[in-house]
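Heads up: the structure comes next, in structure tokens.
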Amino acid sequence: MDYKKEIDNLVNLILKEGASDLHISVGRNPVIRASGILLPLLKMPVVTEIDMKGFLDVFLSPANKDLLATEKNVDFSYSLTNARFRGNAYYHQGVVSVALRLIPKMVRTFADLNLPPILESFTRKEQGFFLVVGPIGVGKSTTLASMIEMINETRTEHIMTIEDPIEYLFESKKSIIDQREVRLDTPDFHSALTAMFREDIDVCMVGEMRDINTIATAVTAAETGHLIFSTLHTNNASQTIDRIIDSFPPGQQDQIRVQLAGSLTGIFSQRLVPRISGGLIPAYELLINNTAVSNLIRERRTHELNSVVETSSQEGMIDMNRSLAELVRSGEITVESAYQNSLNPKVLERMI
């Protein structure tokens, strides 16, 4: 079988159906995810172990094959003329599966993504630390790419992205953009961040903060004149602050708390909710660091941040429940979908 051609056929089907993900597993038909729903491709043959070896020969470089063999999973990217994917190959019950996420060729604007225009204000900062958070698969990387592209189009800066793997491919416009891929261009996130101080970088996008060394260096960079963007797998602003602080040993927590209070610019939390008309639409929360927020972080009162967000809409902050309620009122999503995505359904009930 020509596995390159087989992958091309699957990609064309994904693009035709407007799907976001492709799953290839031994013993199953290929499966796509469209509008959040998994759909098995029953007209495609069941994948065998021989098929999987053929697919892996197309997807993985020799180095990534070695990493899969030793680590039992590996991240990778895969490009075609009409599409690009972020992928992960992993073992389960002794066989390999592959999950692929489609990355659009074009970086979409805030308007294209139905994101709030206030995000533009964070792309105009000279320095600081901005986080996009949420569960896996809610579009965090897409939101960050849109913010980086806005800087690229409007400012003359030296931008660096550090990713595993590289997702969106940027073309330098007003800015210079360098993109570094973990394992290919740098051993790890922390090494690339540390080197950034000697590379005349103005803006850095860190694909994911996986360890305390990376977090500590990112926060320090934000304090020392750099504009830093990154992601975390957390649900809201207060949980994000707690996760960052709790990742440090007790003796270092007060220091990182003070650094965050001073360097944080904002935290944007998002969800992708099924749209009544089809597809997905984001619901979101935005925390903006002001004097009150900074004091709460410094004074170990992060549990009060949710209340600040709920009562500070006049300052541009956005509450997740209010965002969900507005989507219900505008006929974009169902009440059931709103409740499923709310972290505080009792408060939501009073808004709908």
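The numbers here are math on the coordinates, done by the rules we state, and not lab data. The structure presented is a predicted model; accordingly, all values stated were derived computationally and were not measured. Methodologically, a virtual Cβ is constructed for each residue, glycine included, from the backbone with ideal geometry; neighbour enumeration extends over all protein chains shown.
Summary of computed values
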{"quantity": "Long-range amide H partners of residue 265 with built H, under 5 Å", "calculated": "129, 130"}
{"quantity": "Straight-distance crosslink candidates among lysines, where the alpha carbon sits under 18 Å from residue 43 and sequence neighbours closer than 8 are dropped", "calculated": "5, 16"}
{"quantity": "Between segment 114-179 and segment 237-310, the alpha-carbon center distance in angstrom", "calculated": "19 Å"}
{"quantity": "Sorted by Cβ neighbour density within 10 Å, fewest at the top, the residues 322, 124, 28", "calculated": "124, 28, 322"}
{"quantity": "Least to most buried among 59, 76 (fewest other Cβ within 10 Å first)", "calculated": "59, 76"}
{"quantity": "Integer Hz, Karplus 6.51/-1.76/1.60 couplings in order for segment 339-352, x for Gly and Pro", "calculated": "4, 5, 9, 8, 8, 9, x, 5, 5, 4, 4, 6, 8, 8"}
{"quantity": "Simple Cβ-charge dipole of the chain, Lys/Arg +1 and Asp/Glu -1, about Cα centre, in debye nearest 20", "calculated": "660 debye"}
{"quantity": "Rounded, prolate or oblate (a/c below 1.5 giving rounded, otherwise prolate when a/b exceeds b/c) for segment 301-346 by Cα gyration tensor", "calculated": "oblate"}
{"quantity": "Relative compactness, segment 240-283, computed as alpha-carbon Rg over 2.2 N^0.38 Å", "calculated": "1.80"}
{"quantity": "Potential lengthening between residue 292 and residue 199 on full extension [0.36 nm per residue; Cα-Cα distance subtracted]", "calculated": "30.0 nm"}
{"quantity": "For the chain, calculated [θ]222 nm from helices alone, where every DSSP H run of n ≥ 4 adds -39500 (n - 2.57)", "calculated": "-11500 deg cm²/dmol"}
{"quantity": "Rg followed by Dmax, in Å, when the chain is reduced to its Cα trace", "calculated": "21.0, 63"}
{"quantity": "Gain in span if fully extended, residue 311 to residue 280, counting 0.36 nm per residue against the direct Cα distance", "calculated": "8.4 nm"}
{"quantity": "Segment 3-103 shape via C-alpha gyration tensor axes, a/c threshold 1.5", "calculated": "prolate"}
{"quantity": "Average projection area in nm² (convex hull over Cα atoms of segment 169-322, one quarter of hull surface)", "calculated": "11.5 nm²"}
{"quantity": "Residue order, fewest to most surrounding Cβ atoms within 10 angstrom, among 174, 43", "calculated": "43, 174"}
{"quantity": "Lysine-lysine proximity count for segment 55-158, Cα under 27 Å, sequence distance 8 or more or distinct chains", "calculated": "5"}
